[in-house]
Amino acid sequence: MGGLLLVGSLAPCTEAQAQVTVNGSVQSDMMIAPQQDDRIGTSEYDNKYFLTNTYADATLQSQHVDAGARFELTQWPMPGFASAPNQDFKGWGLPNIWVKGKLKHVELTVGNFYDQFGSGFIFRTYEERTLGVDNSLLGGRAVVDAGKGIRLKALSGVQRNYWRLNRSVISGLDGEWALEEIVAPWQQKGTHLSLGLSWVNKWENDSHDPLYFDNGNYLLTVPEFVNAVDARLRFQKAGFNVLAEYAHKSADPNTALNGGIYRPGNAVMLSAAYSKSGISALVQAKRSDNMAFRSKRADSHSTTSFINHQPAFTLDHTYALAAMYPYATGTDDNRIGEWAYQASLAYKFKGRFAPKFKANYSLVQSIDRQNIEGSAQDRTDGYKSSFFKWGDECYYQDFNIQYEHKLNKQWELHATVMYQDFNRVIQNHEGHIKSYIAIFEPKWKINKKFTLRGEAQYLHTDHESGDWGFGLLELSVAPYLMFSVSDQIGRPESANGEDYGDVTHYFNFTATANIKSHRLQLGYGRTRAGVNCTGGVCRYIPASKGFTINYNYNF
Amino acid sequence: MKHTLYIIMAAALLCACSDIAPEDRLTPVTFLPENLIQRNVLIEDFTGQNCPNCPTATDVIESLEEGYEGYVIGVSIHSGNLGRGMALWTPYGDTRFDKIGKDLPQPTVRIDRTSAIYTGGNEVQNGLHSGVRAQLQKSSPITIGSYNCEQSGEDGKTLTFNVKLASTKDIDAMVQVWIIEDGIVSRQKMPDGTTNKDYEHKSAFRATMTADDGEPMHIEAGHSAELSLSYDASKFKGITDNCHSVVIVSQPNDGEVLQVAKFPLVSK
């Protein structure tokens, strides 16, 4: 982080010294001379010599003004980010620039910004580079600390869609009131109660993107304004935490998301958590119905133009085989709503070398849906749905028990056993893949310099996709270096999702160096075709093979 | 509290403004009047039996064929990752699909081999009508005058056909003659993820009776030109009334389609 000290003569109103700090980062993922490999089903790369997703951002911070900008180079993107014919990810330039003014109770931002209202049911803009997601708004935002625990936000802008801006205008208001600020006894007793209320409006003139209904026999008259509201309550006392939230969206016909129906959308969520020394528990339930919300109706890509975010109530697994069949929140007419449940319990025995257990269960079920039949006009109402009733499809189920144990100063063990039921409708295929997964991860601190970590994973299923195995060895050489070798073995899925190839090895070698603020990783190997998911949002990654370089620098 | 009340009132007011009465939601799509139609249009639908979004595109194309009867000719070319390995896939279909791009999603629909390409069921539904409407209004120098095809040889498996073309200007063109077939009952993956084993496939590409890229023809302005060829149809299980031929006249080097017509495969 760099620093710049401005002496008082440049600030005539005060003798105080004004300090401007500069920080930023560089992140570059590169692939050199990507190779074709028929065994794993590689397809044509955007460039046969060099591929990269590179980001460089810098931020200036001072007492009253912050500013920032980000440069992106994605003209020859890494595999899976610009699959034909959607080449919109390709480009380079400064897609993110902003200035923020900070006064005592007001913060004003002009330029690109990210924000979220509540849990994101009606508004969430964010950046997730692994998914190629950046749906920032370009416009203005004001945040006001109105006192007595009240914070207000107002924002308006147009949404980024790769290297363009969608035509619609998104505006919103958000208010949060921390009631304990006005009830002194609550503060003293550590009781927190906050109320939140949000409203988002999308203004989209449909003349540029006509939508059709009933196989193109009718032109849809779509509302120019779509409104969404969200109300929430959060209670926290000691280790106990409860969140209740409800969101509603007005009629928003969209042929890609809901088949062009005028049924409003809604979401409701209830979450309760408890934690105390050594023990934690979480129970959550959520029902969403037609809540996907886009700033461009005609956009049918899986990760672009979303104004909101529908959180997935499933665990984001990091182990390779546990993450092979990840859950993705539905964003089309086939999975227009869901009931989702999650429960977890963690317990750590007392003692420095005591084990910790964690159990987690997730279930995602379709909602009841009775399609309205009859004339095309009748069918624009979409369907009826009984609130508490489940539909016939179980989309995803996952029960896992994790064991963590630091045995002594040298040895540490992690183990997981898991049952997973993955409905292939998530991938637009039929059938379920039900699997049992076992993971064993020992870690041996050999001495102060060397640490050796291993992973052994096995997935068993009766599905024709067959069993999978994974092994990894990783050697850390303190303080700078790390080397790893891994192999994932199984039958790759064909491009049509109906067949499976011969048993194939997906090997990988990496060498990583961490020196001060720099991190450099070199790698070579095969990448299996699959999906990469974060928080229920997924991107398809095609098979690839070659040399990779990943560089990160923070300053 | 006052601020919160204002937000609630404003939100309720704005929510009310966006309602559209059921009778105002749909406007029937009108088809071009016949006097504005200047040509026939070819729709190549790169589809597959494992493609769940393809039936949506197929329905849109059939709706256009019905609305523009005789002027819009759709051909379902089973190809690509979601067609390969299935009964209706052909290697030639993959060759045609690769000309647009590698590993494209399906369905991919193209109008008259122009840049009007639509991918995905929704894009086809929302874009194909206006694309076809625009293309129908473009004039064409080519007229496909006549087509005649007779069966001969052992079991009638030799098809001898003759196509006559006329042009209003001197033109070098490529002529392809394809066989398509209706009424094929075979499995098809549906948008809801299920598989319909009794799906009736229409206008499925079966074979080309000309060379892969077509036969070159030079047509002089104000004159007609004739193409006569024989085709060995012995690989066909049976030539029925469900079989049709599609005559495609296009610019060389896989250029834009100039004219297209559809006839019964064997002339009566």
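Only one of the listed residues (A:ALA320, A:ALA298) is within 14 Å of chain B (Cβ to nearest Cβ) and surrounded by fewer than 24 Cβ atoms within 10 Å (Cβ to Cβ). That residue is A:ALA298. Of the numbered criteria (1) in contact with a Gly (Cβ under 9 Å, 6 or more places away or on another chain); (2) among the aromatic types (Phe, Trp, Tyr); (3) under 30 Å from A:PRO542 (Cβ atoms), the one A:TRP92 fails is (1).
Residues of the stretch A:498-527 that are surrounded by 17 or more Cβ atoms within 10 Å (Cβ to Cβ) and among the small types (Gly, Ala, Ser): A:GLY523, A:GLY525.
Take the conditions at negative phi, surrounded by fewer than 18 Cβ atoms within 10 Å (Cβ to Cβ) and away from chain B (no Cβ under 14 Å) and apply them to A:LEU137. Does it pass? Against the criterion (at negative phi, surrounded by fewer than 18 Cβ atoms within 10 Å (Cβ to Cβ) and away from chain B (no Cβ under 14 Å)), A:LEU137 does not qualify. Residues in the stretch A:528-550 that are surrounded by fewer than 19 Cβ atoms within 10 Å (Cβ to Cβ), farther than 30 Å from A:ILE307 by Cβ and under 22 Å from the mean Cα position of the chain (by Cα): A:ASN550 only. Of everything listed in (1) closer than 30 Å to B:PHE97 by Cβ; (2) within 14 Å of chain B (Cβ to nearest Cβ), the single unmet condition for A:GLY118 is (1).
Residue under question is A:ALA267, and the condition is that it be surrounded by 24 or more Cβ atoms within 10 Å (Cβ to Cβ), more than 12 Å from every other protein chain (Cβ to nearest Cβ) and touching a strand residue (DSSP E or B) at 6+ places or on another chain (Cβ under 7 Å); does it hold? Yes; evaluated as a whole, the condition is true for this residue. Screening A:GLU127 against (1) touching a helix residue (DSSP H, G or I) at 6+ places or on another chain (Cβ under 9 Å); (2) closer than 28 Å to A:LYS100 by Cα; (3) of a type in the set (Asp, Glu) leaves a single unmet condition, (1). Among the residues of the stretch B:24-54, the ones that are crowded, with 21+ Cβ neighbours inside 10 Å, more than 9 Å from chain A (Cβ to nearest Cβ) and not polar (S, T, N, Q) come to 7 in all.
When restricted to residues that are closer than 13 Å to A:ARG294 by Cα and of a type in the set (Ser, Thr, Tyr), the stretch A:244-282 contains 2. Within the stretch A:333-386, being more than 13 Å from chain B (Cβ to nearest Cβ) and of a type in the set (Gly, Ala, Ser) holds for A:GLY337, A:ALA340, A:ALA343, A:SER344, A:ALA346, A:GLY351, A:ALA354, A:ALA359, A:SER362, A:SER385, A:SER386.
Yes/no matrix, rows are residues, columns are (1) within 29 Å of B:ARG39 (Cβ to Cβ); (2) out of contact with any Asp or Glu (no Cβ under 9 Å at 6 or more places or on another chain):
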site	(1), (2)
B:GLN135	yes, no
B:GLU150	yes, yes
B:LYS157	no, no
B:THR160	yes, no
B:THR168	yes, yes
B:SER186	no, no
B:ASP198	no, yes
B:LYS202	yes, no
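The C-beta contact set for the stretch B:215-234 (first residue assigned to a strand (DSSP E or B), second residue exposed (fewer than 12 other Cβ atoms within 10 Å of the Cβ), distance under 6 angstrom, 6+ apart or interchain) comprises B:HIS218/B:ASP172. Out of the residues in the stretch A:199-225 meeting the condition of being in contact with a Lys or Arg (Cβ under 8 Å, 6 or more places away or on another chain) and polar (S, T, N, Q), tell me which one is farthest from A:ILE150 (Cα to Cα). Step by step, filter the stretch A:199-225, then rank; the result is A:THR221.
Could you list, in sequence order, the residues of the stretch B:192-204 that are facing chain A (nearest Cβ under 10 Å) and surrounded by fewer than 18 Cβ atoms within 10 Å (Cβ to Cβ)? Can you show your working first?
Here is the first cut: in the stretch B:192-204, the ones facing chain A (nearest Cβ under 10 Å) are B:192-195.
Result: B:ASP192, B:THR194, B:THR195.
Evaluating A:THR303 against the criteria (1) hydroxyl-bearing (Ser, Thr, Tyr); (2) at pLDDT 90 or above; (3) surrounded by fewer than 23 Cβ atoms within 10 Å (Cβ to Cβ) leaves one unmet condition, (2). Scoring B:SER186 on the criteria (1) exposed (fewer than 15 other Cβ atoms within 10 Å of the Cβ); (2) more than 14 Å from chain A (Cβ to nearest Cβ); (3) farther than 19 Å from B:VAL246 by Cα leaves a single failure, condition (1).
For the stretch A:201-208, the criterion of being surrounded by fewer than 17 Cβ atoms within 10 Å (Cβ to Cβ) and more than 13 Å from chain B (Cβ to nearest Cβ) is met by at least one residue. Would you confirm whether or not the stretch B:220-234 contains a residue that is within 16 Å of B:SER140 (Cβ to Cβ) and surrounded by 12 or more Cβ atoms within 10 Å (Cβ to Cβ)? Scanning the stretch B:220-234 turns up at least one residue that is within 16 Å of B:SER140 (Cβ to Cβ) and surrounded by 12 or more Cβ atoms within 10 Å (Cβ to Cβ).
The values are calculated or read from the model by the stated rules, or taken from the named source; none is laboratory data. On a predicted model such as this, the values are computed, not experimentally measured, just so you know. Neighbour counts run over all protein chains shown; Cβ positions are idealised from the backbone, glycine included.
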